[in-house]
Amino acid sequence: MKYYNLKDSQEKVDFRTATIKGQGKDKGLFFPENLPQFEDEFIQNLHQYSNEEIAYQCMKGFIGDEIPSKVLREIIAETVSFEIPLQRITDRISILELFHGPTLAFKDIGARFMSRCLSYFLKDQHKKVTVLVATSGDTGGAVAHGFYDLPAIDIVILYPKNRVSPVQEKQLTALGKNILALEVNGSFDDCQSLVKQAFSNEEINTKLFLTSANSINIARWLPQQIYYLLALKQWQQYEKKPPVICVPSGNFGNICAGLLAHFRGLPADHFIAACNTNDVVPEYLKTKDLKPKKAVATLSNAMDVGDPSNFIRIMELFGQNFDSLKNNISGYSVNDEETLNTIAEVYKKYKYILDPHSAVAFTSMEQYLNENPDKSGFILGTAHPVKFPDAVEKAVKVKIEIPESLNDLMKKEKKTVEINSDFEELRRFLLDKN
Ligand SMILES: *Cc1c(COP(=O)(O)O)cnc(C)c1O
C-alpha cells in the first residue's frame, strides 16, 4: 500500500515511511491510495471471528508485507488485549466501552499499535528517535503508556496547563524515564501549533530524528477502524438494521476511521459528529464553510479543538463532495450545561455513568434519534468517568471510586517543565535534551 500526501499527491510513501515521518511535505497528511474492501462473508459473520482475527483482517491490507504477518499478529494481539464491550443503555442507544485499556481511554488502541510498529521499524536504527506529541488530555497518557521504557525512543508531550484532569495529568507526568512532559501556558491548539512548527524546523530535524504520535500519524489513525468492526460484531447479535454511529469528536481522527471502515464496506446507517462548544464541523455542515476557530475550554477537554486536523481526510474520503458528506454525517454541538444534565439524567434513569465526552455523544444521539424515530445505534464511549471526577460527581452527586489500577499512579510525583506558547522555548528544550 502506498500513501499520498494530501497537500501534494506526487509525494507517495510506504507504510513504514508514513509511520516514521508522521506527515509529509508542507505538513500534509498521508492518505491511503486505495481502500481494501471487506469481503461480504467477513462482515456478515463477524461473530465467528476472534477480536484478534478481525483486527488483523482490518489492518493487513494497509501494511502489506512491510511487517511480517507473524509480527503483525503479535502487535495486534497486544493492541486489542482488553475487552471492548457494547452495552445497552436504552432501547435505542448502546455504548461501545473503549475505556478498559491501560489509560482508560480509547486512544490506548491507536497508541499501542503505533508504538509497536514504530519500534519494529526502528529496531536497527542507531540514532535516538524523539516522538513529539501535543495532547488535549488523553493522547499523552496513552502514548506515554504505549512507549514507556522502549529503548532508543524519547517521548516529549506538550499539554495545556490547567486544562487536563488530575488522573490525566498523572498519566502524562509521573511515569518518568523516557517520558518528558512539557506544561504549556496555552491551549491545546497552541500545543499543536508548537509541535507543527518543530516538524517544519530544519535545525531541529537535522539534529533530532523527530516523529509524531498524534492522530495525524496513520499508524495511530488506521487501527481505530477496529472499534467499529468490534462494535458491529456485537451489534449484529441483537439488531439486523445497520446502526447509527455517534462519535465524540475533537481532532476527528476517530470518526474518520469509522467512515473509512464504512467506505470499505462496514454497514452503517448514518454517522454523527458529536462536538462540544468547539463547533467548527457542525457549523461547516450548516454553512459549507470550514472556519477554524480558537479552541475554548470545556468539560470534555479532549475535544477542545478549534482546527480539527483530520477533517481534510474526511473530505478526501467523500471526494470533496459536500452534499454526499452532508448526507452521511450530521453534526451537533453540546455545551457544558447540557453535558452535565445528560450525565445526571442518564444516571437517574438507567444507572449508567457517562464521562463528559460520552455524554456529549449521548446528547447528540438522542437529538438525532428524536428526529429519526425508526432508527437506533451506538455511541463510542471514549473515556472512563473516573478521568473526569469533578464534572461527573457534580452531575451524579455520588463519589466515583478510582479503580485500583490507578492507585499507584496517583501516588507518584508529577514531573514537568513549564514553557510558554513560544516556539523558541520548545526549540531550546528539544536541542538541549539530547
Ligand atoms: C481524543 C478524544 C476524543 C476525540 O477524538 P478525535 O479522534 O480527536 O476526534 C474524544 N473523547 C476522548 C475521551 C478523547 O480522548
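Annotations for the structure displayed:
- Zero-based 10 Å bins, Cα pair distances in the stretch 335-378, whole percents: 29, 54, 17
- A convex hull fitted around the alpha carbon atoms of the stretch 55-98 yields 79 Å³ per residue.
- Loop-located GluC sites (Glu not before Pro) in the stretch 59-159 (DSSP state not H, G, I, E or B) with no more than 10 neighbouring Cβ atoms inside 10 Å: Glu83.
- Springs between Cα atoms under 10 Å define the GNM used for the chain, and in it the highest mean-square fluctuation of Ser249, Ser324, Ser421 occurs at Ser324.
- Set of lysines near Lys399 by C-alpha distance (under 27 Å), chain-local residues within fewer than 8 positions excluded: Lys107, Lys161, Lys170, Lys348, Lys349, Lys351, Lys387, Lys411, Lys412, Lys414
- Net charge, Asp65 excluded, C-beta distance under 14 Å - Lys, Arg +1, Asp, Glu -1: +3
- Pairs spanning more than 22 Å between alpha-carbon atoms, out of Lys70/Lys123; Lys25/Lys70; Lys233/Lys326; Lys25/Lys196: Lys25/Lys70; Lys233/Lys326.
- With the convex hull drawn over the C-alpha atoms of the stretch 122-176, the volume per residue is 70 Å³.
- Using only alpha-carbon positions in the stretch 362-429, the gyration tensor eigenvalues give semi-axes of 37, 23, 11 Å once each is multiplied by 5 and square-rooted (largest first).
- Whole-angstrom Cα spans of the stretch 306-352 along principal axes, big to small: 44, 22, 15
- The DSSP beta bridges internal to the chain are antiparallel in roughly 20% of cases.
- Student exercise, the stretch 316-433 dipole from Lys, Arg, Asp, Glu Cβ charges, in Debye to nearest 20: 440 debye
- Most mobile listed residue (Thr130, Thr90, Thr103) in the chain, GNM with C-alpha springs under 10 Å: Thr90
- The stretch 327-342-the stretch 39-110 distance, computed between alpha-carbon centres (Å): 27 Å
- From the Kirkwood radius over Cα pairs of the stretch 281-434, Stokes-Einstein at 25 °C and 0.890 mPa s returns a whole-number translational diffusion coefficient of 131 µm²/s.
- Solvent-accessible heavy-atom area per residue, rounded to whole Å², over the chain at 1.4 Å: 40 Å²
- Cα coordinate range in the stretch 258-345, projected on the principal axes (Å, largest first): 36, 29, 20
- Dividing the C-alpha radius of gyration of the stretch 144-297 by 2.2 N^0.38 Å, with N its residue count, gives 1.24.
- Close amide H contacts of Thr130 (hydrogens built in the peptide plane, cut-off under 5 Å, sequence separation of 5 or more or a different chain): Asp154, Phe209, Leu210, Thr211.
- Alpha-carbon Rg/Rh ratio, for the stretch 12-51, with Rh computed the Kirkwood way: 1.22
- Loop chymotrypsin sites (Phe, Trp or Tyr not before Pro), the stretch 174-258 (other Cβ atoms within 10 Å of the site Cβ: 13 or fewer; DSSP): Tyr238
- Accessible-area composition of the chain, carbon plus sulfur, in percent [1.4 Å probe]: 47 percent
- In plain terms, the C-alpha convex hull of the stretch 3-89 casts an average shadow of 7.9 nm² when viewed from every direction.
- For the stretch 141-210, the Kirkwood radius over C-alpha pairs fed into Stokes-Einstein at 25 °C and 0.890 mPa s yields D = 189 µm² per second.
- Taking the Cα centre of the chain as origin and assigning +1 to Lys and Arg Cβ atoms and -1 to Asp and Glu Cβ atoms, the resulting dipole is close to 420 debye.
- Rounded D (µm²/s) - the stretch 76-206, Kirkwood Rh over Cα pairs, Stokes-Einstein at 4 °C, 1.567 mPa s: 81 µm²/s
- When Rg and the Kirkwood radius Rh are both evaluated on Cα atoms of the stretch 1-151, their ratio Rg/Rh stands at 0.98.
- Under a Gaussian network description of the chain, with springs only between Cα atoms under 10 Å, the residue in Asn162, Asn217, Asn407 that fluctuates furthest is Asn407.
- Largest first, the extents of the alpha carbon coordinates of the chain on the three principal axes equal 59, 48, 43 Å.
- Taking the centroid of alpha carbons for each part, the stretch 296-326 and the stretch 120-178 are 25 Å apart.
The values are calculated or read from the model by the stated rules, or taken from the named source; none is laboratory data. Since the model is a prediction, treat every value here as computed from it, not as a measurement. Heads up, the Cβs are rebuilt from the backbone with ideal geometry, glycines too, and the neighbour counts pull from every protein chain shown. Heads up: the accessible areas ignore ligands, DNA and RNA and are worked out on the full protein's heavy atoms, side chains in. Shrake-Rupley method; radii C 1.70, N 1.55, O 1.52, S 1.80 Å.
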